[in-house]
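See structure below.
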Amino acid sequence: MATAPQGVTVIVPTLNRGSYLIDCLEDLVAQTHQPLEMLVVDQSEHADPALLALADRNPTIVRHHRVSFR
């Protein structure tokens, strides 16, 4: 009997990380291991447009959650 592939969830807490965060997430998106999901918990005052665009391009992998607490 075949077993289902093991999934990986990466939780990325962030606060005003900008391009460093985008570079990290793009590298993770490029991984071939599936299933893969990334939960970005964003404590920044304003969401980075590049981060939102990355999440929009990869909706099954990247989930962006903005929180108001730090």
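Would you pick out the residues in the range 46-67 that are more than 18 Å from LEU28 (Cα to Cα) and either free of Cβ contacts under 8 Å to residues at least 24 places away in the same chain or of a type in the set (A, V, I, L, M) (or both)? HIS46, ALA47, PRO49, VAL67 - these are the residues of the range 46-67 that are more than 18 Å from LEU28 (Cα to Cα) and either free of Cβ contacts under 8 Å to residues at least 24 places away in the same chain or of a type in the set (A, V, I, L, M) (or both).
Checking ASP27 against (1) without any contact (Cβ under 8 Å) to a residue 24 or more places away in the chain; (2) open to solvent by less than 90 Å² (accessible area, probe 1.4 Å); (3) in a helix (DSSP H, G or I), which single condition isn't satisfied? Tallying (1) without any contact (Cβ under 8 Å) to a residue 24 or more places away in the chain; (2) open to solvent by less than 90 Å² (accessible area, probe 1.4 Å); (3) in a helix (DSSP H, G or I), ASP27 fails exactly one: (2). Taken over the range 41-70, the criterion of being assigned to a strand (DSSP E or B) and either surrounded by 14 or more Cβ atoms within 10 Å (Cβ to Cβ) or of a type in the set (Ser, Thr, Tyr) (or both) is satisfied by VAL41, ASP42, VAL62, ARG63, HIS64, ARG66. Looking only at the range 25-42, residues that are farther than 15 Å from ALA53 by Cβ, within 10 Å of the chain's Cα centre (by Cα) and of a type outside the set (A, V, I, L, M, F, W, C) come to 1 in all. Residues of the range 11-24 that are within 12 Å of the chain's Cα centre (by Cα) and open to solvent by less than 40 Å² (accessible area, probe 1.4 Å): VAL12, THR14, LEU21, ILE22.
The values are calculated or read from the model by the stated rules, or taken from the named source; none is laboratory data. Source: prediction; values computed, not measured. Cβ: placed from backbone, ideal geometry, glycine included. Neighbour counts: every protein chain shown. In case anyone asks, the SASA skips ligands and DNA or RNA and just uses the protein heavy atoms, side chains included. Shrake-Rupley method; radii C 1.70, N 1.55, O 1.52, S 1.80 Å.
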